[in-house]
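Enquirer: Before I ask anything, let me first share the structure, which is written out below as structure tokens.
Quick note: the coordinates plus some simple rules give every number you see, no bench work behind them. This structure is a prediction, so every number in the text was calculated from the model and none was measured. Here the Cβ positions follow ideal geometry from the backbone for every residue, glycine too, while neighbour counts run over all protein chains shown.
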Amino acid sequence: MAMCTVLRNIFTKNLSDLFLLNSPAICQVQQSRGTKSWRLIEKPKPGINGKAYRRFVHFKDEYTVEPLEVTNLAGRDPITGRVVAKGIGGGIKHKYHWIQWKRDGPTDINVPPKEERVLEILEDGCRTANIALVGHGSEIKYYLASENMKPGQIIKTSRAIPRIPVRAFEGDAYPLGALSVGTNVYNIEKYPEKGGTLINAAGTSGTIIRKDGHDRVIVQLPSKRLVSLFHTCLACVGRVSNILHGETPIGSAQKNRELGNRPRSGLWQRKTGRFGRKIKPPRPIKYYDPDGQIVFVKEERLTHSAFNTNLDCIRKPSVPIKIYKEELRPW
């Protein structure tokens, strides 16, 4: 029995050596197995280009007031399926109401503004503000509702800029150049005839601060940031509806889940300001060009000693005499 075992080991070893000598080299190399080592995965960031990864709306080819079907993404990228926003998930599924962001009206001063009637004020589960169903002739559409907008109200829209500022009422839409300084506005166009993109959240409003030259208007956003927009950009007068949205507490963890928010870790705590805070200077004015580009403006004050040698100007450099603005276009 032992002799048979020895002979079996010798013959099998010789056969295996003969097979390796006559086989190609690629077969003699041990194949590497896949390991679970770390590798870089390119993930998109939430909030870029308006992507919140909360829902995907199935828009139709033409505008309609019928509620649209949505697909909840739960914070995942619809292409890769990977989690991008961890705080989103669950919630009650709401249908989407298509808002008409662009309001059209006559451009001639002698033509009266376009009048539309508010038919109904609705609550939309896909946004914080209320919406208004508006009709004109044979067409109906959805607009963002203002604070005191009511059914039966007549709202006006015009793109003409008269010599004297117009007397606008809440809900009306006029160019920034046609409104007086100090007017509260919302749903402002960033670029002319491109639709409102600024100040659309519930209870927010901006203020027209001053006129910047003959073709620009300075508007203060709710974040206190100043932006310079072209005077033909349309804006709605008033304040966005549902003003108590920011002051209303959620109430319970279950209600927060119904809103589509996942539980948080509890590690982040808001700073109370007990140990002070940083005093930062105001951010510079952001200029938007009517052709869809951002213009960076460099200001030069003549009170600086490099531009004015007057002793009084050197002693009081904070009192400006004149400001020169130079446009620095990024292209």
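Enquirer: Counting other Cβ atoms within 10 Å, which chymotrypsin sites (Phe, Trp or Tyr not before Pro) in the range 169-258 have at most 16 and lie in a DSSP loop?
Expert: Passing both the DSSP loop test and the Cβ count: 169.
Enquirer: Mind ranking 188-198, 231-241 by how tightly packed they are, going by the mean number of other C-beta atoms within 10 angstrom, highest first?
Expert: On the way: 188-198: 17.9, 231-241: 23.5.
My ranking of the peptides, most packed first, is 231-241, 188-198.
Enquirer: State the extension gain, in nm to one decimal, for the chain segment bounded by residue 95 and residue 167, taking 0.36 nm per residue of separation less the distance between their alpha-carbons.
Expert: 22.2 nm
Enquirer: Would you grab the residues whose amide H sits under 5 Å from the one on residue 197? Only those 5+ places off in sequence or on another chain, please, with H modelled 1.01 Å from N.
Expert: 188, 189, 190
Enquirer: Along Cα→Cβ, 7 Å out, is where each label goes; now give me the distance between the ones at residue 136 and residue 77 in nm to one decimal.
Expert: 4.2 nm
Enquirer: Which whole-angstrom value gives the distance between the alpha carbon centres of the range 235-252 and the range 64-113?
Expert: 18 Å
Enquirer: Here's something else I'd like to know. Could you list which residues have their amide H under 5 Å from that of residue 89, counting only those 5 or more apart in sequence or on another chain, with H placed in the peptide plane?
Expert: 261, 262
Enquirer: What does a probe at residue 289 reach in the range 206-238, counting residues whose amide N is under 14 Å from the point 7 Å along Cα→Cβ?
Expert: Hits in the range 206-238 for residue 289 at 14 Å: 230.
Enquirer: Is the range 121-254 best put as rounded, prolate or oblate by its Cα gyration tensor, with a ≥ b ≥ c the root eigenvalues, rounded for a/c under 1.5, and otherwise prolate when a/b is larger than b/c, oblate when not?
Expert: Oblate shape, in that a/c is at least 1.5 and b/c is the bigger or equal ratio.
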